[in-house]
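Participant: Sending over a structure as structure tokens; questions will come in a sec.
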Ligand code: 4FN
């Protein structure tokens, strides 16, 4: 079982994960564990000080190294007691490599992960240099803390743990669409106002439907995220399907003129 040990000044934020959905179900079924650690609980001074002003001056506050090291040691003690060995320490940070499906798969195979969520301007660099194995980002934008990024990572990694998703939910994992965007989805009604569902999906011809979906996934990816196609490299069959899809799209456009 994978245990996420999460270090955060706002552990309440993670309650959301326990409320509903795939992660919540996996927690209840003991397919993963979420342990929250608040550095504030490990400081002994009267004010529970965990942050201080930055050396060199300037605005904002910096999370101090000592409460973080104390928290980490407490986590490692508890891991040792449970005979769980050591754990990778990940700092959610805009300086990290962007989280990917590949990285999520890697992490889903770990027994323990320690995730550090920053607040204020971030944490003392010496903690990162000495104790952090890896920095991971969820994207290029400013957030007010590392909590939501940590939750994104927990969500992405948890659903890849064997047995967490049921058969219906794990559709994407065992399909041959890997690395591509989804094909478009449709459900009832068959006609809404004058908007129809693509006819092939109503045909009952499973072979034809599979081919349409693959073509549609390739076309969607090519149009909306060409970078994904470049990273993946298409099989000859896929290139042919994409060419076909592009041609059909052009024909459709001409028809409408
Ligand atoms: N963010 C940028 C440049 C400079 C600062 C930030 C920023 C939270 C503690 C880090 C943000 C985004 C993705 C963690 C952003 C992430 C964070 C993340 C994060 C408070 C310090 C901070 C150039 C990316 C816009 C605040 C860029 N993934 N600082 O957001 O923790 O994991």
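Participant: I want to verify the translational diffusion coefficient of segment 31-121 in µm²/s; compute it with Stokes-Einstein, Rh as the Kirkwood radius over Cα pairs, at 4 °C and 1.567 mPa s. List each step's numbers first, then the result.
Facilitator: Working: Rh = 15.2 Å.
Answer from the Stokes-Einstein relation: 85 µm²/s.
Participant: Taking the alpha-carbon set of segment 83-236, what are its Rg and Dmax in Å?
Facilitator: When restricted to Cα atoms, segment 83-236 yields Rg and Dmax of 20.3, 63 Å.
Participant: Here's something else I'd like to know. GNM on the chain, C-alpha springs below 10 Å: top fluctuator among 189, 94, 67?
Facilitator: 189
Participant: Counting residues in segment 103-174 as N, plug N into 2.2 N^0.38 Å and put the Cα Rg over that result. Kindly include the intermediate steps, with their values, before the conclusion.
Facilitator: Values: Rg = 14.6 Å, N = 72, 2.2 N^0.38 = 11.2 Å.
Dividing the Cα Rg of segment 103-174 by 2.2 N^0.38 Å gives 1.31.
Participant: Using a 10 angstrom cutoff on alpha carbons, build the Gaussian network for the chain and name the most mobile of 38, 230, 28.
Facilitator: 230
Participant: A further question on this structure: How tilted is helix 65-81 with respect to the longest principal axis of the chain? Cα atoms for both, answer in degrees (0 to 90, nearest 10).
Facilitator: Helix 65-81 sits roughly 80 degrees off the main axis of the chain.
Participant: With a point put 7 Å past each Cα toward its Cβ, work out how far residue 28 is from residue 243 in nm, to one decimal.
Facilitator: A separation of 5.2 nm, rounded to one decimal place.
Participant: Right, another one. Which value does Rg/Rh take for segment 33-77 over its C-alpha atoms, Rh per Kirkwood?
Facilitator: Details: Rg = 12.4 Å, Rh = 11.7 Å.
Rg divided by Rh gives 1.06.
Participant: Taking the Cα centroid of segment 26-85 and of segment 124-201, what is the distance between the two, rounded to the nearest whole Å?
Facilitator: Going from one Cα centre to the other spans 28 Å.
Participant: Just to confirm the number: angle between the C-alpha axis of helix 147-158 and the first principal axis of the chain, 0 to 90 degrees, nearest 10?
Facilitator: So the helix axis and the longest Cα principal axis differ by about 60 degrees.
Participant: On a 0 to 90 degree scale, rounded to 10, what angle separates helix 236-256 from the longest Cα axis of the chain?
Facilitator: 60
Participant: Per residue of the chain, what 222 nm ellipticity follows from adding -39500 (n - 2.57) for every DSSP H run with n ≥ 4, rounded to the nearest 500? Before the final figure, lay out the partial values.
Facilitator: On the way: 10 runs with 106 residues, N = 257.
Helix contribution divided over all residues of the chain: -12500 deg cm²/dmol.
Participant: With an 8 Å cut-off on Cα pairs and a minimum separation of 6 or more residues, tell me the relative contact order of the chain in percent.
Facilitator: Values: 329 pairs, mean separation 45.4, N = 257.
Taking the mean separation of contacting Cα pairs over the length of the chain, I get 18 percent.
Participant: Which one, 46, 168, 156, has the greatest fluctuation when you compute a Gaussian network model over the chain with C-alpha springs under 10 angstrom?
Facilitator: 46
Participant: While we're here: If each of residue 130 and residue 255 carries a label point 7 Å out from its Cα toward its Cβ, how far apart are those two points in nm?
Facilitator: Inter-label distance under the simple model: 6.8 nm.
Participant: Quick check: convex hull over the Cα atoms of the chain, volume per residue in Å³, rounded to an integer? Intermediate values should be presented prior to the final figure.
Facilitator: Values: hull volume 52.2 nm³, N = 257.
It is 203 Å³ per residue.
Participant: Determine one quarter of the surface area of the Cα convex hull of segment 187-257, which equals its mean projected area, and express it in nm² to one decimal.
Facilitator: On the way: hull surface 24.2 nm².
The Cα convex hull of segment 187-257, projected and averaged over all directions, gives 6.0 nm².
Participant: Would you please state which residues of segment 114-143 a label at residue 48 would reach in this model, taking the label point 7 Å out along Cα→Cβ and a backbone N cut-off of under 18 Å?
Facilitator: Within reach of a label on residue 48: 117-120.
The numbers here are math on the coordinates, done by the rules we state, and not lab data. Keep in mind that what you see is a predicted model, and the values were worked out from it rather than measured. Cβ atoms come from the backbone with ideal geometry, glycine included; neighbour counts cover every protein chain shown.
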